[in-house]
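Engineer: Have a look at the structure that comes next, please.
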Amino acid sequence: LFARGTCQLAADMNETLWAYCQSSLQNHLYENAIFLAERLCAETPSEASRLLLANCHYASGAPARACAILGNCSAPQNRYLLALCHVKLGRHLEAQRALLGSASPSADPTGTAIVPNGAAGLYLLGTICLKVQPQPPASLPRDDTNERSRAVLYFKRALELDPYLWSAYEALAALGKEFPPPPLPLP
């Protein structure tokens, strides 16, 4: 009976820490959110609690700290946030690896990989592809590189999953590529 009561008390404390941490995040009280998430990670080390702590650091403008927390996580949500952190830090190849779950960004030459967070993950991967492609000198015409072609595929796949992802339409238009017509506005 005592052990069951102790377990229930710990579960209640974890739920309370989680709820107050989320509340602190919503109210932009990042230092408080970080403190609560650290307590939660100490009490219940898991990928979910690490994701919450990493979200706190990312929201507070500390993507390097979030990267350190998410470094060896494998859950899709953790990999997506890790990719966002790497992009903020200018580490685009690492961001690709986080999304593709592979040591090699070239592991998806056809642009058909399944990535975390659906349309948002595909859009992020498309933007990363554009950042890692080699830039030709200004005197030469822009070549349709492999990375650029993959970016177009990712943007189009993102629109298949989420036809209201306006950023993907903008990216395709900026690249001079055709795209499906946007959905009709909601009534």
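Engineer: Rank THR127, THR16 by accessible area, highest first, at a 1.4 Å probe radius?
Structural biologist: The most accessible residue leads, giving THR16, THR127.
Engineer: If the viscosity is 1.306 mPa s and the temperature 10 °C, what Stokes-Einstein diffusion coefficient in µm²/s follows for the stretch 51-128 when Rh is the Kirkwood radius over Cα pairs?
Structural biologist: Stokes-Einstein gives a translational diffusion coefficient of 130 µm²/s.
Engineer: Extension gain THR16-GLU43, at 0.36 nm per residue separation less the Cα-Cα distance, in nm?
Structural biologist: 8.5 nm
Engineer: Mind running the shape call on the stretch 56-95? Use the C-alpha gyration tensor, a ≥ b ≥ c as the square roots of the eigenvalues: rounded below 1.5 for a/c, prolate if a/b tops b/c, oblate otherwise.
Structural biologist: Here the stretch 56-95 falls in the oblate category.
Engineer: Accessible surface of ASP108 in the full protein assembly, 1.4 angstrom probe, to the nearest 10 Å²?
Structural biologist: Number for this one is 10 Å².
Engineer: Using a 1.4 Å probe and ignoring any ligands, DNA or RNA, find the accessible area of VAL87 and quote it in Å² to the nearest 10.
Structural biologist: Rounded to the nearest 10, that gives 30 Å².
Engineer: Let me cross-check SER102: its accessible surface, 1.4 Å probe, with only protein heavy atoms counted, in Å² to the nearest 10?
Structural biologist: 40
The values are calculated or read from the model by the stated rules, or taken from the named source; none is laboratory data. This structure is a prediction, so every number in the text was calculated from the model and none was measured. Just so you know, the surface numbers come from the protein's heavy atoms only, side chains and all, with ligands and any DNA or RNA stripped out. Shrake-Rupley method; radii C 1.70, N 1.55, O 1.52, S 1.80 Å.
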